[in-house]
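Notes follow once the structure below has been shown.
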Amino acid sequence: MRRSPVMKGIIMLLGMMLQNIAASAQLHIVSHVADVRTGEALPFASVYVDSEKNTITNAEGDFVLDADSADAVRVSYVGYRTVSVDAGKIGDVVYLDRDGRMLDEVVVLGTEYVIKKVRSQIKKTLMEYDWKKTNYFYRQMGRCDRQCTSMVEAFFTGHSAVQTKDISLGTGRYVEVASSKTVTPRNFFTYMEVTLYSKYYTDDLHVPLSPNYKDNYDTDCRRINDGEHPVYVITFTPRDSMAWSAKTKLYVDAESFQPLRYEGVGQNEWVKNTVQGKSSEVPCDYSFVVHYQHDNGFIEVQSVHFDVSFTDEGKKYEATGTMFNTEKRYFKGKGKLHFEDDLKELISKRGLDRQFWQENEVVKRTPMEEEAVELFEGDNAFGVF
C-alpha cells in the first residue's frame with residue numbers, strides 16, 4: 001500500500017514528537033552516593049542539575065531527584081572528583097573517587113596567610129551579598145531512648161551569604177507523640193545558624209574567623225589534592241578547654257580561598273530542657289557540618305546538618321536536623337525566629353496542606369525518618385496540635 005506525501009509527513013511528524021517525548025521523559029531517581037574504593041556512603045553530597053532541580057544526599061548517602069532523562073546530573077563532594085551522569089543512566093549507586101594521587105602536605109604559605117585570604121574573601125562576599133535571602137527546606141527528628149518522639153518538616157527563609165541568620169518560618173508540619181515529655185526539640189532550629197566569621201573581636205562565643213582568633217585557637221593548615229583541584233584544610237583547636245567553643249575544620253578552595261565545607265564538634269554546650277514542667281540546663285554533645293555552594297557567584301550556605309544529644313533524669317534525648325537551600329522554590333517566610341519561640345505553635349497557625357507534604361520529599365528521608373513519617377501519617381497525626 002502506497003502512502004501519500006501528506007500521510008508520510010504526518011507519520012514523520014508523529015515520529016519526531018514521540019522521540020522528543022521519550023528524550024524528555026520525567027524520571028523519579030532514587031540512588032546512593034558512595035566512595036568508589038571503600039563503598040562508604042557520602043552524606044550531604046551535592047546533586048545538581050540546575051537551580052530548580054537539585055538536592056543533597058541524606059545522612060546515609062541516599063538521594064531522590066525528579067529530572068528529565070536528558071538532564072546531566074552533577075554529583076560533587078569536597079575532596080572527591082566531581083562526576084556528571086546522564087539522568088537516564090543513573091543506577092542504584094553513584095561512585096565518587098578521591099583519585100590515587102591524593103596528597104596531604106604542610107602549607108608552605110603559612111596558616112596565618114591562608115586565614116587572612118579566606119577572611120578577605122568572606123568580607124568581600126558579605127559587603128556585596130549580605131542582603132540576599134533564600135528559602136530553606138528543614139527536617140528535624142527528636143528521639144528519646146531511641147524512640148522517635150517528634151518530627152518537623154518546614155520551609156524557612158533566611159540570609160544565606162557565608163552563614164545562615166535571621167531565619168523566618170514559611171510553612172511546616174509538626175508532630176509530637178503523646179508520651180514525649182521534653183519540649184526542647186521544637187527549638188533546635190536555632191542550631192542551623194552556625195557562625196563561622198565575625199568582623200568583630202569575640203569573647204563569650206569564640207568564632208574561628210574573627211580578628212582575635214589567635215587568642216582563642218591553636219591553628220593548623222594542610223593542603224590536600226584529590227587529583228582535580230587543591231584544597232586547604234584549616235583546623236581550629238580551642239585553647240581554653242572550658243570555653244564555649246568548638247573544635248572545627250574548614251575546607252577551602254586553594255585557588256579562590258572560598259569555603260567549601262565547615263564541620264565541628266561543640267565544646268561546653270548546654271541545652272535548657274523541660275520535663276513535666278520542670279526546667280533545667282544540662283550538658284549536651286553537639287556536632288555540625290555546613291556545605292557551601294558558589295553557583296550564584298558568591299559564598300552561599302547550601303546545607304547545614306546537626307546532631308545533638310543529652311541525658312536528663314535518666315533518659316537519653318537526641319535530635320538531628322538538616323537544612324537545604326532550595327533557592328526560590330517553595331514557601332517564603334516572614335518575620336524572624338528566636339530561640340524562645342515555640343516552633344510547634346507557629347507551625348500550627350499556618351494550617352496544613354497534607355497533599356503538598358505527601359508529594360514533596362525534597363531531601364531523601366533516612367529509613368528511620370521514613371518509618372516515623374509513615375507511622376505519623378498513618379495515624380493522621382501531622383497537624384494535630
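The values are calculated or read from the model by the stated rules, or taken from the named source; none is laboratory data. Note that this is a predicted model, so its numbers are computed, not measured. Please note: Cβ atoms are built from the backbone with ideal geometry, for glycine as well, and neighbour counts cover all protein chains shown. Heavy atoms of the whole protein, side chains included, go into the accessibility calculation; ligands, DNA and RNA do not. Shrake-Rupley method; radii C 1.70, N 1.55, O 1.52, S 1.80 Å.
Judged by the ratio a/c of the largest to the smallest principal axis of the C-alpha gyration tensor, segment 245-342 counts as oblate, that ratio being 1.5 or greater while a/b is no larger than b/c.
Of the DSSP H helices in the chain, those that are both long (alpha-carbon extent of 18 Å or more along the helix axis) and hydrophobic (Kyte-Doolittle mean at least 0.0) are 5-23. For Lys117, the lysines whose Cα comes closer than 24 Å to its Cα, not counting residues fewer than 8 places off in the same chain, are Lys132, Lys165, Lys199, Lys214, Lys247, Lys249.
Annotation note: chymotrypsin sites (Phe, Trp or Tyr not before Pro) in segment 234-339 located in DSSP loop regions with a Cβ neighbour count of at most 13 within 10 Å are Phe339.
Let a ≥ b ≥ c be the square roots of the eigenvalues of the Cα gyration tensor of the chain; is it rounded (a/c under 1.5), or, if not, prolate (a/b larger than b/c) or oblate? Oblate shape, in that a/c is at least 1.5 and b/c is the bigger or equal ratio.
If the segment from Glu40 to Lys53 were pulled out straight at 0.36 nm per residue, it would be longer than the present Cα-Cα gap by 2.1 nm. Given DSSP loops and a limit of at most 10 other Cβ atoms within 10 Å, what is the longest stretch of the chain that contains no such trypsin sites (Lys or Arg not before Pro)? The segment 147-327 is the longest one with no such site. Convex hull of alpha carbon positions in segment 40-101: directionally averaged projected area 4.3 nm². The GluC sites (Glu not before Pro) of segment 242-327 that meet both conditions, a loop assignment by DSSP and at most 14 other Cβ atoms within 10 Å of the site Cβ, are Glu255, Glu313. With contributions of -39500 (n - 2.57) from each DSSP H run of at least four residues, the per-residue ellipticity at 222 nm computed over the chain stands at -5000 deg cm²/dmol.
Pairs of Lys residues in segment 311-371, spaced 8 or more positions apart or belonging to different chains, with C-alpha separations under 25 angstrom: 14 in total. Coupling constants for segment 32-49 follow from the phi torsions by the Karplus curve (6.51 cos²θ - 1.76 cosθ + 1.60, θ = phi - 60°), and in residue order they are 9, 10, 8, 6, 5, 8, 9, x, 5, 5, 10, x, 6, 6, 7, 10, 9, 10 Hz; glycine and proline get x. For segment 247-377, the solvent-accessible area works out to 49 Å² per residue, with a probe of 1.4 Å and every protein chain left in place. Report the Cα centroid-to-centroid distance between segment 69-97 and segment 214-247 in angstrom, as an integer. One Cα centre to the other: 30 Å.
Once all protein chains are placed together, Asp215 keeps about 110 Å² accessible to a 1.4 angstrom probe. For segment 221-362, the carbon plus sulfur part of the accessible surface works out to 45%, probe radius 1.4 Å. Once backbone amide H atoms are built at 1.01 Å from N, Thr164 has Val194 as its partners under 5 Å, excluding neighbours fewer than 5 places away on the same chain. Largest mean-square fluctuation among Leu42, Leu337, Leu205, in a Gaussian network model of the chain whose springs join Cα atoms under 10 Å apart, belongs to Leu205.
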